[in-house]
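To keep things clear, I will list the structure first and then write my remarks on it.
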Amino acid sequence: MKEMLLPLLGRLIKFCVVGCSGMIVDFFFTWLCKEKLKWNKYISNSIGFILAATNNYVWNRIWTFQSQNMEVAREYISFVVISLIGLGLNNLIIYLVHEKLHCNFYLSKIIAIGCVTIWNFSLNYVFTFHA
């Protein structure tokens, strides 16, 4: 059991490190679009999230899962579909926490990222980067 959990934990840690780089991409572009370009906060959030998902796919393929899958397009599409569902969850959580509970937008975004990270790792581990 321990032999199975350690590699999984290692991948989860790498996934989270990659996620932190994605969070920087996400927050930067969300901030740029929302604060500087004055775009709608949910459109801005979606742009930041999609750019972060692409960043995360590349780094998770190379570093976290060391994928050798030659079907890169299929793998990327799987990753993006899971991320898009995650984006829906992300926006829903932000809406609920920000609009209904009246928490700060960026605090709501951090809460959403934490929840969606578990979703993304689990589904990508099983479906996108399976051996």
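The values are calculated or read from the model by the stated rules, or taken from the named source; none is laboratory data. Please read all numbers here as calculations on a predicted model, not as lab measurements. Positions of Cβ are generated from backbone atoms using ideal geometry, with glycine treated the same way; all protein chains shown enter the neighbour counts. For accessibility, only protein heavy atoms count, side chains too; no ligands or nucleic acids. Shrake-Rupley method; radii C 1.70, N 1.55, O 1.52, S 1.80 Å.
Some values worked out for this structure:
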{"quantity": "Residue match in the range 97-104 (condition: of a type outside the set (A, V, I, L, M, F, W, C), open to solvent by 40 Å² or more (accessible area, probe 1.4 Å) and at positive phi)", "calculated": "yes"}
{"quantity": "Failed condition for residue 5, given (1) open to solvent by 40 Å² or more (accessible area, probe 1.4 Å); (2) at pLDDT 95 or above; (3) among the aliphatic types (A, V, I, L, M)", "calculated": "(2)"}
{"quantity": "Output for the range 32-70, where each listed residue is in a helix (DSSP H, G or I), farther than 20 Å from residue 84 by Cα and open to solvent by 100 Å² or more (accessible area, probe 1.4 Å)", "calculated": "36, 62, 63"}
{"quantity": "Where residue 102 falls short, out of the listed (1) part of a helix (DSSP H, G or I); (2) over 12 Å from the mean Cα position of the chain (by Cα); (3) modelled with pLDDT of 95 or more", "calculated": "(1)"}
{"quantity": "When residues of the range 73-96 are limited to those that are hydroxyl-bearing (Ser, Thr, Tyr) and under 23 Å from residue 32 (Cβ atoms), the one surrounded by the fewest Cβ atoms within 10 Å (Cβ to Cβ)", "calculated": "95"}
